[in-house]
């Protein structure tokens, strides 16, 4: 029973190893936990989870494993789009020919309108098929299915990684593994950004200078001191979270961790897919506590270097059209906001975790690159190198 | 495996000065029973460092504290070879110079290993050190032994110490290190736990004052955009000030329902930008409610 729990944890992305599992068994044998489920929960969490970021995942697996999967299909009619419709029931894998047969329905507005109509028509859970909103179907609406111009409704993780999506997802996934960036080599690259400004009182022994001066002094000791190093670089970091970034969150977190120990002034904000009029600081409360982008620009002077991390993979509407955001109504298109940021922060760069070879196949990346006038770089060692060079110039 | 204690492992459940929640006690007890290091994280001011003191006190064990700075090396926790003293002594013709053992200075870890009874060892703020620091301690924490090259001596723990490690999350710790530790994240206490904590520190506090103070405190924590949210230790300081100044509970609440600035809020907000932001918010709030 516990082995299944262990495997479920690994599946859910909690990095547990065999050693830790054995520790848990040993602790149980020694009777640390007593016989209540709550004790066992605390014990298992202490032994198996090593990072508070994984607590939530652990809780979900624990609940699923020990309470049994909850009856999901109750209370169907309560809300207009119950999330359980979209619970995965089956997976649909079409051959390339079949995929080609799946027709796009038309433009953005048409999709939204049809969705509203169809939701009004439909009553009840639906799965498979070509028209109704549900799971694993070929209708443009719903989740876990396949339609290139589909609108995603209430899916847990983004399966196709884009509401209006790119085709060849599986290739992307394979390439993702070849992006070999760990905390340590990101650190190396980020050092480029360091500019050591020597300021302050002379505190550090200058060994070379001392030897030199002593030699010139015919062997009498002559100590030379230099000021301590201070890192003068200020960085403003914008991170894309959620949606199509799910797979890249790990890489970005590593970059972020490395960055945090590298600069004296580092401010970070989150956004989703593209920068609009608000950003947020705390991802758990992103809907409650939004900070106007204008305020961010007022607070941090243009001497900050702006680094945006995002895959820029989204529907082109989300960049160029007012109201194109998938989360809220935006009066001005994302393009206007990125332009504003670019003007305020002359030294800026966009780091894109998507492999560079794929960029030309994703229209939204093309648009973003145009807006940035080429200041988009891949999230690889070489790419970061180039980005840092661009940030230091001008 | 080095000898484990034959007697049943002692259990920790908080002390009269320290309120430990059920999950925290479980984490500490698991670490004691299996003799693994326990890594503690949490917001600053939630009593991470204090935990070690209280564990040592309640178990009646000696406490050894090793405070980590950005310049601390793992080797310093084991031992240091004081070559400079030896050089000086050799110039002066001191006889001690022939025994290199005279110049080996024991570190905290060695002290813990050599202790007569099982000690509690606190490694405080491990994230302050260099990124390689935890990796350099892997074998020492795992096998509880290390080798002194200068004297060709193997130092082994007589009793596996209870090791508590705190981190403020400034650096990511390596996986290999985490595998060897148990982990607990001290969550910010909810209002009930907080009342218990306050009762421990200020027994017999007037209930009205407590209620108003807690209300003002949690409201302040909810202010978006604060650089440093006030934590338990700041709340305790603030209460101490309120008591010292003998401020009545009514002063914490504005009679007409308008937002009030809590008195002596300098004890809660430690950052001038935060104070400024807060004053601005209160000001705006007043204007809109007028």
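Values in this text are rule-based calculations from the coordinates and carry no lab data. Since we're looking at a predicted model, the values are computed, not measured. Glycine also receives a Cβ, built like all others from the backbone with ideal geometry; neighbour counts cover every protein chain displayed.
For segment A:25-63, list residues with backbone N below 16 Å from a point placed 7 Å from the Cα of residue B:22 toward its Cβ? Only A:32-46, A:63 fall inside the zone, counting backbone N under 16 Å. Per-residue ellipticity at 222 nm, computed for chain B from helices alone with -39500 (n - 2.57) per DSSP H run of at least four residues, works out to -12000 deg cm²/dmol. Checking the a/c ratio against 1.5 first, then a/b against b/c, what shape does the Cα gyration tensor give for segment A:296-354? Cα axes put segment A:296-354 in the oblate bin. Extension gain for the segment residue A:327 to residue A:65, taken as residue separation times 0.36 nm less the Cα-Cα distance, is 91.1 nm to one decimal. For the pair segment B:38-112 / segment B:210-224, the C-alpha centres are spaced 41 Å from each other. In this label model, residue A:4 and residue A:217 are separated by 7.8 nm, measuring between points 7 Å along each Cα→Cβ vector. Listed by Cβ neighbour count within 10 Å, with the fewest neighbours leading, B:200, B:28 appear as B:200, B:28.
If a/c stays under 1.5 just call it rounded; otherwise compare a/b with b/c (prolate if a/b is bigger, oblate if not). Do that for chain B, with a ≥ b ≥ c from the square roots of the Cα gyration tensor eigenvalues. Since a/c reaches 1.5 and a/b is larger than b/c, the shape of chain B is classed as prolate.
Quantify how strongly other chains surround peptide B:27-39 by giving the mean number of their Cβ atoms within 10 Å of each of its Cβ atoms.
For peptide B:27-39, the averaged partner shielding equals 4.
Once C-alpha pairs closer than 8 Å and six or more residues apart are averaged by separation and normalised to the residue number of segment A:352-394, the relative contact order reads 38 percent.
Computed on chain B, with alpha-carbon pairs under 8 angstrom and 6+ residues apart, the relative contact order is 22 percent. Counting neighbouring Cβ atoms within 10 Å and putting the fewest first, the residues B:227, A:224 line up as B:227, A:224. Between residue A:357 and residue A:19, the distance separating the two model label sites (each 7 Å from Cα on the Cα→Cβ line) works out to 3.6 nm. Multiplying the residue separation of residue B:243 and residue B:147 by 0.36 nm and removing their Cα-Cα distance gives an extension gain of 29.1 nm.
Share of antiparallel DSSP beta bridges in segment B:16-130, in percent to the nearest 5? Roughly 40 percent of the DSSP beta bridges within segment B:16-130 come out antiparallel. So what is the relative contact order of segment B:1-154, in percent, for Cα pairs below 8 Å that sit 6 or more residues apart? Result for segment B:1-154 is 25 percent.
A prolate overall shape is assigned to segment B:110-259, the ratio a/c of its alpha-carbon gyration tensor axes (a ≥ b ≥ c) being 1.5 or greater and a/b exceeding b/c. Put in order of Cβ neighbour count within 10 Å, fewest first, the listed residues B:201, B:98, A:54 become B:98, B:201, A:54. A straight chain from residue B:188 to residue B:95 at 0.36 nm per residue would run longer than the Cα-Cα distance by 27.7 nm.
Remark: spin-label model distance residue B:281-residue B:88 equals 5.5 nm, labels positioned 7 Å along the Cα→Cβ axis.
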